[in-house]
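Each remark here refers to the structure printed beneath this line.
The values are calculated or read from the model by the stated rules, or taken from the named source; none is laboratory data. Predicted, not measured: the structure shown is a model, and the values here were computed from it. All Cβ positions, even for glycine, are placed from backbone atoms using ideal geometry, and neighbour counts span all protein chains on display.
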Amino acid sequence: MREIVTLQIGGAGNAIGDAFWHVISHEHGVDYATGRFGGTSPLQLERINVFFNATASKRLYARTIIIDTEASTIQRLNSSSQLYRPENMVAGSESAGNNFARGYHTDGAEILDQVLDNTRREVESVDSFQGFQLLHSIGGGTGSGLTSLIMEALVEQYPDNLLCNYVTIPSPNMSQVVVEPYNALLSIPALVNNSHLTFCLDNEALFQICNRNLKIQMSGYEHINHIVALTMSGITTCLRFPGQLNAGLRKIYVNMVPFPRLHFLIPGFAPLVTCKQQQFSKGTVSELVQQIFSSNNLLCAIDLRKGKLLTAAGIFRGRMSPREVDQLMTGVRNKNLHNFVDWIPNNIKTAICDIPPRGLKMSATFIGNTTAIQSLFQRLLDGSSIMLRRKAHLHWYTGEGMEEQEFIDAQEELQAIIDDYRGSAVDSDRHGSRSADGDEDDVESGSGQQCRYCADN
């Protein structure tokens with residue numbers, strides 16, 4: 001098996017993580033409350049070890065480390081389910097107070113060793129470890145500061161394994177904390193330099209999906225977390241179930257990331273409809289393909305038409321013809337060639353799993369690496385620049401041991417990644433994107449036409 005260790009960090013990370021375990025425990029026939037297997041198909045057990053560990057008493061528990069600087073979230077999860085191992089719950093003495101510096105330098109640093117010890121125990125208990133899956137927000141203190149600290153330690157201790165991040169990006173329209181732009185800005189260097197795959201989730205886009213697509217009156221984050229969990233389930237489905245065309249974490253990385261720094265991906269999901277709306281749906285593969293390339297179904301508030309797709313992937317679930325899926329996906333590319341870069345040949349990939357998600361006959365998950373994401377980064381840069389120019393609330397960070405230069409360095413890093421994506425949109429003969437590792441060529445299909453970057457190195 002190709003096992004994955006999950007780390008859910010902070011309030012948002014634990015809420016998304018709990019929704020994720022709800023979804024995949026149902027898919028594998030595991031009772032969420034007791035951890036007992038009650039499924040009906042041998043396929044549910046075939047690859048269950050990817051995310052679950054079995055105990056001597058034939059119970060299953062989630063291979064996840066639950067981390068927060070305050071204990072309230074962890075206590076709630078501990079009381080709600082026996083799916084979580086009590087030894088894997090790590091809590092600090094007090095909240096990080098929405099302050100990156102406290103999560104990175106003080107409160108978070110106090111529990112780092114405990115986190116790494118628990119992680120090491122889980123890694124050593126598996127046969128064929130594949131990588132880490134980190135769930136967190138970069139708007140809060142724990143999700144930004146402590147996660148950055150943990151990522152640096154994981155890269156140092158496990159340099160050959162993948163780090164996959166599901167990151168909730170703060171939005172000015174949904175902001176609840178005034179220093180969110182600072183926390184997000186300071187998280188960027190760790191995400192750029194340490195993560196291999198970063199799936200960007202935007203609260204604004206998720207709220208729009210609930211209001212526009214589902215017509216749900218929002219009272220909390222339950223619906224949003226469920227949408228994210230469904231998308232994560234789709235991305236990991238080929239790891240958990242056999243299918244006609246499989247895509248593991250490593251394969252997604254190789255096909256989706258042309259250069260190590262350009263690893264920020266936009267996920268999407270279809271169908272995003274209510275049970276009533278589903279009655280009027282055609283239920284065809286063509287409809288799914290049309291929906292996943294629509295900005296209305298993306299979990300990040302960007303417009304695909306305002307940039308170019310470097311790479312794209314569709315992960316389909318349900319009984320369908322691979323030939324039909326390939327033709328439809330290739331047809332989208334051929335009809336919209338101006339929306340795809342021309343220096344990566346065969347930059348659209350598909351994977352099919354025969355087992356549909358619960359309650360649906362078929363679904364599709366979209367993963368896109370698009371230059372339009374620079375608008376998201378520009379939003380983060382503009383928000384932090386306005387505050388930094390006036391040195392607003394800066395004393396909360398300098399009082400915890402940080403220096404103003406760290407903010408300036410983070411801004412330069414953020415501007416560099418914006419420039420990288422902007423540069424990657426130009427034609428192959430003018431392409432000059434930066435890369436963290438000059439000797440790497442990570443695109444599986446890139447053996448044909450080469451960009452100037454590859455030719456020079």
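In region 324-366, the qualifying residues are those that are basic (Lys, Arg) and in a loop (DSSP other than H, G, I, E, B), and the one that is farthest from the chain's Cα centre (by Cα) is LYS361.
Applying the criterion of being farther than 11 Å from GLY141 by Cβ and of a type in the set (A, V, I, L, M, F, W, C) to the residues of region 68-101, the residue that is surrounded by the fewest Cβ atoms within 10 Å (Cβ to Cβ) is ALA71. The residues of region 50-72 that are under 25 Å from GLY131 (Cα atoms) and among the polar types (S, T, N, Q), listed by number, are ASN53, THR55, THR64, THR69.
The one condition from (1) surrounded by fewer than 22 Cβ atoms within 10 Å (Cβ to Cβ); (2) in contact with a Phe, Trp or Tyr (Cβ under 7 Å, 6 or more places away or on another chain) that LEU135 does not meet is (1).
Remark: pairs (first residue in region 385-410, more than 14 Å from ASN98 (Cα to Cα); second residue assigned to a loop (DSSP other than H, G, I, E, B) and of a type in the set (A, V, I, L, M, F, W, C); Cβ separation under 7 Å; 6+ apart in sequence or on different chains) = GLU404/LEU394. Identify the residue in region 323-366 that is touching a Gly at 6+ places or on another chain (Cβ under 6 Å), in contact (Cβ under 8 Å) with a residue 60 or more places away in the chain and not hydrophobic (A, V, I, L, M, F, W, C) and, among all such residues, is surrounded by the fewest Cβ atoms within 10 Å (Cβ to Cβ). Among those residues, the one meeting the criterion is PRO345.
Is it true that some residue in region 110-119 is in contact (Cβ under 8 Å) with a residue 60 or more places away in the chain, buried (at least 17 other Cβ atoms within 10 Å of the Cβ) and closer than 20 Å to LEU163 by Cβ?
First pass over region 110-119, keeping only residues in contact (Cβ under 8 Å) with a residue 60 or more places away in the chain: 115, 119.
Filter once more, so that each one left must be buried (at least 17 other Cβ atoms within 10 Å of the Cβ): 115, 119.
Remaining after also requiring closer than 20 Å to LEU163 by Cβ: 115, 119.
Yes, region 110-119 has at least one match.
Yes/no matrix, rows are residues, columns are (1) assigned to a helix (DSSP H, G or I); (2) within 22 Å of the chain's Cα centre (by Cα):
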| site | (1), (2) |
| --- | --- |
| ASP127 | no, no |
| GLY131 | no, yes |
| LEU135 | no, yes |
| THR147 | yes, yes |
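SER80 falls short on exactly one of the conditions (1) closer than 24 Å to ILE24 by Cβ; (2) touching a strand residue (DSSP E or B) at 6+ places or on another chain (Cβ under 9 Å), and that condition is (2). Checked against (1) in contact with a Ser or Thr (Cβ under 7 Å, 6 or more places away or on another chain); (2) modelled with pLDDT under 90; (3) not aliphatic (A, V, I, L, M), PHE259 meets all criteria but (2).
State whether one or more residues within region 367-383 are of a type in the set (D, E, K, R), in contact with a strand residue (DSSP E or B) (Cβ under 8 Å, 6 or more places away or on another chain), closer than 25 Å to ARG212 by Cα and crowded, with 16+ Cβ neighbours inside 10 Å.
Kept after step one, since they are of a type in the set (D, E, K, R), are these residues of region 367-383: 379, 382.
From the residues that got through so far, the ones that are in contact with a strand residue (DSSP E or B) (Cβ under 8 Å, 6 or more places away or on another chain) too are none.
Looking for residues that are of a type in the set (D, E, K, R), in contact with a strand residue (DSSP E or B) (Cβ under 8 Å, 6 or more places away or on another chain), closer than 25 Å to ARG212 by Cα and crowded, with 16+ Cβ neighbours inside 10 Å, one finds none in region 367-383, hence no.
A Cβ distance below 9 Å, combined with a sequence gap of six or more or placement on separate chains, defines the contacts here; from region 45-58, residues that are on the phi > 0 side of the Ramachandran plot reach residues that are charged (D, E, K, R) in the pairs LYS58/ARG36.
Residue-wise test of (1) in a helix (DSSP H, G or I); (2) buried (at least 21 other Cβ atoms within 10 Å of the Cβ).
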{"residue": "SER57", "(1), (2)": "no, no"}
{"residue": "ILE66", "(1), (2)": "no, yes"}
{"residue": "GLY103", "(1), (2)": "yes, yes"}
{"residue": "GLY108", "(1), (2)": "yes, yes"}
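Checked against (1) buried (at least 22 other Cβ atoms within 10 Å of the Cβ); (2) under 14 Å from the mean Cα position of the chain (by Cα), SER187 meets all criteria but (2).
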